[in-house]
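The values are calculated or read from the model by the stated rules, or taken from the named source; none is laboratory data. All values reported here derive from a predicted model rather than from experimental measurement. Every residue, glycine as well, gets a Cβ built from its backbone with ideal geometry; the counts of neighbours run over all protein chains shown.
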Amino acid sequence: MTLQELVLRTASVYMDRTAVCFDEGNNQPPVCYSYKALLSAASELSHFLIAHCDFGGIREIGLYCQPGINLPSWILGILQVPAAYAPIDPDSPPSLSTYFMKKCDLKYVLVEKQQLSKFKSSHETVLNYDTVSVEHKDLALFRLHWEDGRVSTVLGDRADQHKVTDREDRVSAESRTPEKEHMDMRHDGCLAYVLHTSGTTGTPKIVRVPHACILPNIQHFRSLFDITQEDILFLASPLTFDPSVVEIFVSLSSGACLLIVPTSVKVLPSKLADILFSRHRVTVLQATPTLLRRFGSELIKSTVLSAHTSLRVLALGGEAFPSLTILKSWRGKGNRTQIFNIYGITEVSSWATFYRIPEEILNSAVKHESPVQLGSPLLGTVIEVRDQNGSPVLEGTGQVFLGC
């Protein structure tokens, strides 16, 4: 089973339902696609890519774009080739984007036409690419030609600013040639997407994720959050942050609606709250605590977590979970939103654990100062606590090891 097969199977039942809405936050009606329109656009892109791409080896296609109505169909179109999509954020430092494309040895990049000038100006000094000659609707296809060593030191200064641990060195080394050779032996269509880690503790690592590794997340969250075709999910995460995969495919594999807004709107708390909870009545929100805090305690209590909010599920992850004291202060009287702490790392395909905060704790007047627990492993995830010698710890403290 693949991500696109999950969507195809669901879409066959909900062809006329709304699959995606894009609201620019400018008081204009949102642009919406039905599941039928979504699949049609995806198939057109797939046929275009098959006609113009000569892969050989691993099939990976870069996607350089901003969030918009076409984003899900572009991702599905790449997956149906079949190929893996490699998101590239136009707002990222050009040196990081170039490093990512080079390390992935990308041969093709789809560039949103509105971002063409930015793509060219950001990468003209380190990229050797064909003149744009092949276009498809709102996209342009670039074929890249890398010169050996051209960007080998592009992140040198940045990496020197951080102390890279021995463990990170080993992971980085293992993710170079050996990983590439291993993946080349896998069957076509194995990979779903390719991302890079943030690089906050050293040189970013490239993470290639097969469908089989991310599907358990999708399936478990669909069940855990009881997602139905009546739900509206918000694409809160940037495409380069792997929780976006969960947001997109939990929605599209359930017959639900995926709401997308421009990146610029996400930093405008009042406007974002109005779009999410007044205009569209979002029911499921997966977000970082930072995004939630942007609303401010008053708006959270009066709108996001009010008694009459549309929000059924709030899943917070990617950062330290707020203290229970703060969380309880954010909830309006009578709020019934289910709140989850979710934890994971990119290397194990997004989320690894979940913990639903019990209602009795949320409604209790007793102060809870202890940190919120990580909870239970998600489907397909293995968690162990080990001591410094690598031996399992059944009681006491140790280091958490995650696997899948």
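The table below gives the values:
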read-out: First in segment 281-296 and closer than 21 Å to CYS21 by Cα, second anywhere and among the small types (Gly, Ala, Ser) and assigned to a helix (DSSP H, G or I), Cβ under 9 Å, 6 or more apart; value: VAL284/SER251
read-out: Some residue of segment 326-349 being more than 16 Å from the chain's Cα centre (by Cα), within 19 Å of ILE227 (Cα to Cα) and among the hydroxyl-bearing types (Ser, Thr, Tyr); value: yes
read-out: Test for ILE88: is it of a type in the set (A, V, I, L, M), touching a helix residue (DSSP H, G or I) at 6+ places or on another chain (Cβ under 7 Å), closer than 14 Å to GLY189 by Cβ and buried (at least 20 other Cβ atoms within 10 Å of the Cβ); value: no
read-out: Residue within segment 288-299 that is at negative phi, of a type in the set (D, E, K, R) and in a loop (DSSP other than H, G, I, E, B) present; value: no
read-out: Segment 56-74 - residue that is crowded, with 20+ Cβ neighbours inside 10 Å and more than 21 Å from LEU96 (Cα to Cα) and, of those, modelled with the lowest pLDDT; value: ILE58
read-out: VAL245 being of a type outside the set (Gly, Ala, Ser), outside any helix (DSSP H, G or I) and in contact with a strand residue (DSSP E or B) (Cβ under 9 Å, 6 or more places away or on another chain); value: no
read-out: Residue match in segment 218-239 (condition: surrounded by fewer than 19 Cβ atoms within 10 Å (Cβ to Cβ), under 23 Å from ILE88 (Cα atoms) and modelled with pLDDT of 50 or more); value: yes
read-out: Test: residue in segment 194-216 that is buried (at least 20 other Cβ atoms within 10 Å of the Cβ), free of Cβ contacts under 8 Å to residues at least 60 places away in the same chain and of a type in the set (Gly, Ala, Ser); value: yes
read-out: Index of the failed condition, LYS271 passing every other in (1) touching a helix residue (DSSP H, G or I) at 6+ places or on another chain (Cβ under 7 Å); (2) in contact (Cβ under 8 Å) with a residue 40 or more places away in the chain; (3) assigned to a helix (DSSP H, G or I); (4) under 30 Å from ILE345 (Cα atoms); value: (4)
read-out: First in segment 135-147 and in a loop (DSSP other than H, G, I, E, B), second anywhere and among the charged types (D, E, K, R), Cβ under 7 Å, 6 or more apart; value: ASP138/GLU112; ASP138/LYS113; TRP146/LYS102; TRP146/ASP105
